[in-house]
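**Q** The structure under discussion is supplied below as structure tokens; questions concerning it will follow.
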Amino acid sequence: MSSTEQGTSSAAPAEPTTAPESAAAPEVPESFYYVHGKDKVVHKVSAGALQHSALIHGMISNLGYTEEQAKANPFPFENIDGDILQMVVDWCNQHKGKPTPPEDTNLPKQKEKLFDLVLAVNYLEIKELLTYCCKQVAMMVKGKSPEEIREIWMIPTDAEDEAAEKEAKKRAGKEAAGETAAAAGDAK
Amino acid sequence: MKLSKFPYLVQNEIFENLEHSDLFWMSLQSQNMKKLIKSSQAKRFQSISGITYAKFGCKWYVFIRFKAINNEPERVEFIMTMSEHSDDTKNVCFRLNVSGRIVGFRLSNEYPLPELYFHPIHKTSAFKAIHNCLLDYFGDTVKYIWITKSYPWIVKSRKQFIPQLPNLSVLSDFWPGDSEVKDNLEAYFAASPDLKQFCINGNALELMSTVPKFYQADFIRIFRPCFRTVDAFFLNFQGRQATLFDCQWGFSRLRPFMNRWKSGEAFQKLEYFKMIKQQQPYSMNLHRVPNVNGMKHIDTTKKPPTHSVPDLYTPGPSFPKSNTDPITSHTYIVRETDNRVASVSFQGGNFSFGVWDKTEEEFLRMVKTMQLLKFPYLVQKEILEEIYISDLFWMSLLSKNMRTLIKSSQIMRFRDISRLMYESDIDDKRKVYILFKTKNLMGTDTLGIEGIMGISDHHDEESENDYFQLNVSGKMIDFRLSNRSNLPEAFFHPSERKSSIESIHNYFLDFFGDTFEYIWAANNPEHFIPNLPNLSVWVTNWPKRSEAMGIISLGKFFASSPVLKYLCIKSTTQKVLSPKSKFYQVESLKIVQPLPKTVNALLRHFQGRQATLFFCKVEVFPLIEFMNRWISGKVFQKLEYLKLIFTSNGIALNEVLNVNGVKHIDATKTPPAHTVANVFHTGFGENTEPIVSHTYVVRETDNRVASFSIEDGDFVFGVWKETEQEFLKMLE
């Protein structure tokens, strides 16, 4: 459904290749929008697929872009890695206009990808995908011992929390002192 | 039944139902059969990781190894055995053409497997024939491995036979003291084929330290290497994994080793290296990683990723595949040629070096991965909602911040908990579980049960290593993950029982709150019963235990016990407890076979809500007195339900009906049924047995009604919360 192209955001992406064909041709031609992540690779996605994302749906609902305008103005999501955005786009395409299954087996299994995917999905407000991801994250600690849970989710110990808090306070103190000194310098 | 006449798909289906070993034997029938099996079973062959030859006793066994799935132990399937005999025609059952050579087979008496039988002088050619046949059948994408072990107590006088065959790797395991091996090492290496794995005593290497083939093995284990061996190892090793055990020397070589790895000039294939120091007082002891230029450090507040790769050491097919020892270190170096990272650790004087298949950028991304506390709060909440409460309990013990997060995000979920139960002990163990309101599949309200943890009074010595300590309300308690229930289990010495349970209970109160009931269930008043805030106690001594409780035991128990929620005992004592005893304050009481004195005492002094006395005898007068005292409103204010089940004593209880104030409902009307929620219930809404009676009395102080009946030899008395007026409105 989506296509990608390396380069600037203005690069024209190719037509989607994996779109599920509906039995009956739609009366109104489907509109497409364009998104890109940190890697600037542009993905062409149908408005129907983007309905999964409350954030993007809200952005495009009253936009009334023509195809050319949409192509010239892709939505930039600079805080999302390219491979993660690709996963999100793929998921939206796979579940376009379909009831979502109770379990999704297509989610990434690597911990680092899942972490970034959760953040991206939360940012894009894709409720169902977020629920699947959260389930998967939760499953990671099922039946594990505390130390394994600590390892999996990198939960700091009380001592580490205290050290981090102390460090943050120290840093805040230094910043405040720096600001005071700068203000005093300005006054002089 | 001609197999070749079947359509291809049918043949395929038939083959699918056969074991690999059967298919292999069928493939020897003809070239066409082999072709058919290979083409139809190509997909099935993809699950095979290798073919192994291993010698056990005086036979060689050939078996298929399958790719491990989901970290499960490796599965193997034996194809055939091979053995030598000076009379290679003896017992031969059939002969087959194997790669152009006619060889004899017999049926093994140990295994239902064909056994290739050959004369010792034909050993090499027999193996060559069978290996070529296997290569042709399984292809060259699977690994062919020859396992050879040289234990001095087994093969002192035997030379190790290792054939020179194409695509064959050797896993060798030579143990210290094998002088034959030691003497012939150079010749062995010169003649040996592709060497994959090698274990050896380092002293044996002293004289052959420059044999290059040894250092090309994928995997090496050297025990007690001498100085020259360590030197030679660092100079020449080209394999993937190595462990040097009991090292006395060589730690000064670590800096040049890391520098050479960093520059990319050597150790390009290295994945894992470990040097374990010799446990001797004079052995060299380093306390930190030798510093090399470019050594980098991960911020100590962050968690470094753990390095571990599949261990190439393969003791045998029955052993599960394992990984190398995990290396979790804040220190790492980066190879200049390809930017790949190696974690470096020096712990307990042992040096570990793990090479990642990741660049520094990818490696550093892993440092920050999956930190739960980095997710936005709503995501954390959603994740935590998917987790069982027992796992949340575990997690809450990890840190104060974690506990705060769980408590704040799961507050609504915890409100659905209706009870936390410390279940009765069985063999010094008890389980803690919660009951909570939930919905069933139909969407209707129901009650769920979820185990939280186990509590035990003793350590299981067999799994001593599985224990770890956690801080529970300021007390360090040993825990482990139960194999049976998959729940956390706390363990403590009986002398620590009181303080440990107090800590656990206080922790529950802090974690879950005090809005629901906490119940401690005991099988006997003489068992341990803690006296803790917000903890109700159930004691059930019947029908599980039939022995009657003595008055002294009961007196002692109630002198020190909290007020019980529920007590069920058998009591045949002649004496009665003092009216001040907390025995009379038990909320729900069940007594089996009480003697008249006990019944009379209860009818005078009971202050609880519900009581049932089984198989008792009573005079009429105490019963009349009970009725009169209840009507006066001076006592039994909390009473909801009383039932006396009599043994036949021939006493006319109907006199009770003549008590002043007894009222009767018109016989043509149906009286309402009295029932109240049982104080003692399993959580599934059990009520007392309904009382449908035309007789009732009214309390003078608040005009409330009690229905009572004397039927079938039982006396039942149920107090309504309705006044007489309200009660009469309920009549049909």
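**Q** If Lys and Arg each add +1 and Asp and Glu each add -1, what is the summed charge of the other residues whose beta carbon sits under 10 Å from the beta carbon of B:ASN293? Walk me through the numbers before you get to the answer.
**A** Numbers: positive: B:ARG255, B:LYS262; negative: none.
It works out to a net charge of +2.
**Q** On to the next question. What is the magnitude of the charge dipole of the stretch B:346-406 about its Cα centre, with +1 placed on the Cβ of each Lys and Arg, -1 on the Cβ of each Asp and Glu, and no other charges, expressed in debye to the nearest 20?
**A** Values: 7 positive and 8 negative charges, 65 e Å.
For the stretch B:346-406, the charge dipole is close to 320 debye.
**Q** Taking a ≥ b ≥ c as the square roots of the eigenvalues of the Cα gyration tensor of the stretch B:594-731, is the shape rounded (a/c under 1.5), prolate (a/b larger than b/c) or oblate? Provide the component values of the computation, followed by the final result.
**A** Working: a/c = 1.38, a/b = 1.18, b/c = 1.18.
Rounded.
**Q** Let me ask something additional. Give me B:THR124, B:THR243 sorted ascending by neighbouring Cβ count inside 10 Å, so fewest comes first. Walk me through the numbers on the way to the answer.
**A** Details: B:THR124 13, B:THR243 21.
Exposure proxy ranking, most exposed first: B:THR124, B:THR243.
**Q** In the stretch B:1-46, with Lys and Arg counted as +1 and Asp and Glu as -1 at Cβ, which of these residues, B:PHE45, B:HIS20, B:MET33, has the Cα nearest the positive end of the dipole, that is, farthest along it?
**A** The listed residue farthest towards the positive side: B:MET33.
**Q** Any chance you could check the Cα centroid distance between the stretch B:326-383 and the stretch B:587-622 for me, in angstrom?
**A** Distance between centres, Cα-based: 70 Å.
**Q** Also: Roughly how crowded by other chains is peptide B:378-389, in terms of the mean Cβ count from those chains within 10 Å of each of its Cβ atoms? Don't jump to the answer; show the numbers that get you there.
**A** Working: counts 3, 8, 2, 1, 10, 11, 3, 4, 9, 9, 4, 0.
Across B:378-389, the average partner-chain Cβ count within 10 Å equals 5.
**Q** Would you list B:LEU644, A:LEU63 from fewest to most Cβ contacts within 10 Å?
**A** A:LEU63, B:LEU644
**Q** Could you work out, residue by residue across B:360-367, how many beta carbons of other chains sit within 10 Å of that residue's beta carbon, and then give the average as an integer? Don't skip to the answer; put the middle values down first.
**A** Numbers: counts 0, 0, 1, 0, 0, 4, 3, 2.
The shielding value for this peptide is 1.
**Q** Would you mind working out the magnitude of the charge dipole of the stretch B:1-46 relative to its Cα centre, with +1 at each Lys and Arg C-beta and -1 at each Asp and Glu C-beta, to the nearest 20 Debye? Walk me through the numbers before you get to the answer.
**A** Details: 7 positive and 4 negative charges, 51 e Å.
Computed about the Cα centre, the dipole is about 240 debye.
**Q** Next question. Going by how many other beta carbons lie within 10 Å of each one, how would you line up A:VAL35, B:VAL103, B:VAL563, B:VAL586, fewest first? Don't jump to the answer; show the numbers that get you there.
**A** Details: A:VAL35 24, B:VAL103 21, B:VAL563 14, B:VAL586 27.
Taking fewest neighbouring Cβ atoms as first place, the list is B:VAL563, B:VAL103, A:VAL35, B:VAL586.
**Q** Also: Shielding of A:152-165 by partners, i.e. mean partner chain Cβ atoms within 10 Å per residue? It would help to have the intermediate numbers written out before the result.
**A** Working: counts 3, 12, 12, 10, 9, 5, 7, 1, 6, 6, 3, 2, 5, 1.
The mean count of partner-chain Cβ atoms within 10 Å per residue comes to 6.
**Q** For B:GLN637, what is the net charge nearby, where nearby means another residue's Cβ is under 15 Å from its Cβ and Lys, Arg count +1, Asp, Glu -1? Don't jump to the answer; show the numbers that get you there.
**A** Values: positive: B:ARG604, B:ARG609, B:ARG629, B:LYS634, B:LYS638, B:ARG699, B:ARG704, B:LYS721; negative: B:GLU587, B:GLU640, B:GLU700, B:ASP702.
Net charge in that neighbourhood comes out at +4.
**Q** What is the local net charge at B:GLN593, summed over the other residues whose Cβ is closer than 10 Å to its Cβ (Lys, Arg +1; Asp, Glu -1)? Walk me through the numbers before you get to the answer.
**A** Working: positive: B:LYS570, B:LYS617; negative: none.
Net of charged neighbours comes to +2.
**Q** Using the reciprocal of the averaged 1/r over all distinct C-alpha pairs, how large is the Kirkwood radius of the stretch B:598-669 in Å? Mind showing how you got there, number by number?
**A** Numbers: mean 1/r = 0.0750 Å⁻¹.
Radius from the Kirkwood sum: 13.3 Å.
Coordinate-derived values only; no laboratory data. What you are looking at is a predicted structure, and each value in this text was computed from that prediction instead of being measured. Reconstructed Cβ throughout: ideal geometry from the backbone, glycine too, with neighbour counts over all protein chains shown.
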